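Undergrad: My questions will all concern the structure given below.
The values are calculated or read from the model by the stated rules, or taken from the named source; none is laboratory data. Note that the structure is a prediction, hence the values are computed from the model and not measured. Here the Cβ positions follow ideal geometry from the backbone for every residue, glycine too, while neighbour counts run over all protein chains shown. Surface areas here come from the heavy atoms of the whole protein model, side chains and all, with no ligands, DNA or RNA. Shrake-Rupley method; radii C 1.70, N 1.55, O 1.52, S 1.80 Å.
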Amino acid sequence: MSQQAKSHDVFRSMCINVAQMAHRTEMNWKMNVLGYKKEKIRPLNDAKAIDAGANFLGEAFIFSVALSLLFAEQIRSRNQAQRQRNAVDDRLDDLEKGMLESREELKRMQEEHDLLRTEVDNLAEESATLSTMLMQILGKEMNRRSLERGHPPTEISQALIDKFGSGEDIELTPPKAF
């Protein structure tokens, strides 16, 4: 860059101005911060100023490119993290929705189970009532037939009725002839 600064007048004057300003700032900083004795700052000669200005501009360009890359990477990283957070949030929303639907389905199934349980209990009660009625009818019919044949009536015990109601096998022995 210093070769370009030596051959182009505009670039040369810009390098000299930048170098002189950087030199004055550095010297003032040294005098104020490091405690050097205050004195008049002598400007750099043109050859040193051109080299220092070209160096400063080259380093500033490299620094600005590096800084731009850092900012671009920071923005890309932030956007990627935001996309990941959004994906996780969406997944959580889906899971919560699924959980609510599952709870509603479970509640509906429990209600249906309760209704079926009530219906089964009612049917069991009705079956027991019908069994008792059937045994009474059978008992009366057996007594009527026994009397028609000249046999004494057969008594059907409550234990026999209960066995029939519970589904156990029942053996009826015919009455003995006289």
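Undergrad: Just the number, please: carbon plus sulfur as a percent of the accessible area of segment 1-147, 1.4 Å probe, no ligands or DNA/RNA counted. Please list the in-between numbers first.
TA: Values: 7220 of 12270 Å².
C and S atoms contribute 59 percent here.
Undergrad: Also, I was wondering about something else. Using DSSP to call loops (not H, G, I, E or B), can you name the trypsin sites (Lys or Arg not before Pro) in segment 6-94 whose Cβ has at most 16 other Cβ atoms within 10 angstrom? Mind dumping the intermediate values first?
TA: Working: sites: Lys6, Arg12, Arg24, Lys30, Lys37, Lys38, Lys40, Lys48, Arg76, Arg78, Arg83, Arg85, Arg91; in loops: Lys37, Lys38, Lys40.
Sparse-neighbourhood loop trypsin sites (Lys or Arg not before Pro): Lys37, Lys38, Lys40.
Undergrad: Please give the solvent-accessible surface of Met21 in Å², to the nearest 10, using a probe radius of 1.4 Å with every protein chain present.
TA: 110 Å²
Undergrad: So what are segment 16-169's ellipsoid semi-axes, whole angstrom, largest first, if each one is the square root of 5 times an eigenvalue of the alpha-carbon gyration tensor? It would help to have the intermediate numbers written out before the result.
TA: Working: eigenvalues 2602, 43, 17 Å².
Computed over segment 16-169, the values are 114, 15, 9 Å.
Undergrad: Let me ask something else about it. Taking segment 13-117, which chymotrypsin sites (Phe, Trp or Tyr not before Pro) meet the DSSP loop condition and have no more than 13 other C-beta atoms within 10 Å?
TA: On the way: sites: Trp29, Tyr36, Phe56, Phe61, Phe63, Phe71; in loops: Tyr36.
Listed in order of number, the matching sites are Tyr36.
Undergrad: Decide, for segment 22-86, between rounded, prolate and oblate: order the square roots of the alpha carbon gyration tensor eigenvalues as a ≥ b ≥ c, take rounded if a/c falls under 1.5, and otherwise choose prolate if a/b is larger than b/c, else oblate.
TA: oblate
Undergrad: Work out from phi, with θ = phi - 60° and the Karplus expression 6.51 cos²θ - 1.76 cosθ + 1.60, the ³J(HN,Hα) of each residue of segment 80-87, listed in order in whole Hz, and give x for Gly and Pro.
TA: Per residue, the Karplus-derived 3J(HN,Hα) values read 5, 5, 5, 4, 5, 4, 5, 5 Hz.
Undergrad: Report Asp9's accessible area, 1.4 Å probe, all protein chains in place, as a number in Å² to the nearest 10.
TA: Approximately 120 Å² for this residue.
Undergrad: Residues of segment 1-139: accessible area per residue at 1.4 Å, in Å²?
TA: On the way: 11600 Å² over 139 residues.
Dividing the accessible area of segment 1-139 by its residue count gives 83 Å².
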